[in-house]
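Here the structure comes first, spelled out in structure tokens, and everything after it is commentary.
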Amino acid sequence: MYKLFIKKLLASVFTIACILPTANAAKIDLEQEIVIKSKRQAGDLKNKIASYLDDVQITQGTLTIQADLVQVYSQEDHETETYVAKGKPAVFEQQLEDGSKIRLEANEIKYEPLAYTITISGNALLRQAGSEVTGDRIIYNTLTEQLEAEGSEEQVVTTILKPKAKADKEKKDNK
């Protein structure tokens, strides 16, 4: 029974990946400056951790992150950074190369730009082109356009696929 469940889950994830429009994150965003606004900021210079608290808003090109708390972990090379955003919910939005938007909401968002990975957990929601996936945890690779969704004992993975005509109408209405 477990194998059947896994097969259905993988088939559902594959279907989502095929139906959602091209989801390459706008690569130009990574070349833009990062602007971080918050009511409070703190830094742990020894451990290379910057903390931004209360009404945090981060923008980089078309990418935005809104959260209650964001911590930025830097590596020795100062090139590699990991952003961990927490909120009720924390929100990640980005305009994709095809002009559509992707929106991710969760209690925690872990964004690793150079690894092209976004992991959202705790009431996770991924919304794109009118369709959505919910679960306990969703991992999305912006380069390969692959996602993996997981449920928990309390929350199953749910996928809602909107018909193309309805998704096109919603996209048109949002412009």
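Numbers below:
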{"read-out": "Proximal aspartates and glutamates relative to residue 46, as straight alpha-carbon distance under 13 Å, when same-chain residues fewer than 8 apart are discounted", "value": "76"}
{"read-out": "Contour minus Cα-Cα distance for residue 139 and residue 40 (0.36 nm per residue)", "value": "32.7 nm"}
{"read-out": "Set 37/162; 88/110; 88/164; 86/164; 37/101; 86/162 screened for pairs whose C-alpha atoms are more than 26 Å apart", "value": "37/162; 88/164; 86/164; 86/162"}
{"read-out": "Full-stretch length increase - residue 49, residue 152 - with 0.36 nm per residue and alpha-carbon distance subtracted", "value": "34.1 nm"}
{"read-out": "The stretch 46-92 versus the stretch 115-143: alpha-carbon centroid distance in Å", "value": "17"}
{"read-out": "Length released on extending from residue 98 to residue 64, taking residue separation times 0.36 nm less the Cα-Cα span", "value": "10.5 nm"}
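Bear in mind that the values in this text are calculations on the coordinates, not laboratory data. Remember, predicted model here, so these are calculated numbers, not experimental data.
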